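These notes are about the structure you will find just below.
The values are calculated or read from the model by the stated rules, or taken from the named source; none is laboratory data. What you are looking at is a predicted structure, and each value in this text was computed from that prediction instead of being measured. A quick note on method: Cβ atoms are made from the backbone with ideal geometry, for glycine too, and the neighbour counts reach across all protein chains shown.
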Amino acid sequence: MSSLNAGTDDHARPHLRLMFRLQWETTQDAYVLLYPEGMVKLNPSAGEILARCDGTRKLDDIIDELEDLFGASDLAADVYRFIDHARQRGWLD
């Protein structure tokens, strides 16, 4: 796979690694990512992206859902960038 395709693989179905759990925290009024050593409070867009990373959706489907949710277009670059960041942090497979 070329490096160009590696970052934009439309068939990727990202999902959280087993050691992480995503949940909505009412007291935080935000999604949080829980793991054995602690917790990460996510901003609204990061929470919405990770909420869709359940291993059943292709990246393009996630982007389409987010564009509908936020009434926006051209979110692909931002979503790919966040997915890359989440993978670097070890949150996603």
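Residue check: is LEU75 aliphatic (A, V, I, L, M), within 14 Å of HIS15 (Cα to Cα) and at pLDDT 95 or above? Judged against the criteria, LEU75 is not a match. Can you confirm whether region 8-15 contains a residue that is modelled with pLDDT of 95 or more, in a strand (DSSP E or B) and under 18 Å from ARG81 (Cα atoms)? Scanning region 8-15 turns up at least one residue that is modelled with pLDDT of 95 or more, in a strand (DSSP E or B) and under 18 Å from ARG81 (Cα atoms).
Report every pair of residues separated by at least 6 positions or lying on different chains whose Cβ atoms are under 6 Å apart, first residue within region 52-72 and at positive phi, second not in a helix (DSSP H, G or I). Pairs that qualify, where the first residue is at positive phi and the partner is not in a helix (DSSP H, G or I), are GLY55/ARG13; GLY55/HIS15. Could you tell me which residue of region 30-42 is modelled with the highest pLDDT, considering only residues that are in a loop (DSSP other than H, G, I, E, B) and either over 16 Å from ARG87 (Cα atoms) or touching a His at 6+ places or on another chain (Cβ under 8 Å) (or both)? This residue is PRO36. Look at region 21-35: where a residue is loosely packed, with under 13 Cβ neighbours inside 10 Å and a partner is among the charged types (D, E, K, R), sitting 6+ places away or on another chain with Cβ atoms under 6 Å, you get GLN28/LYS41.
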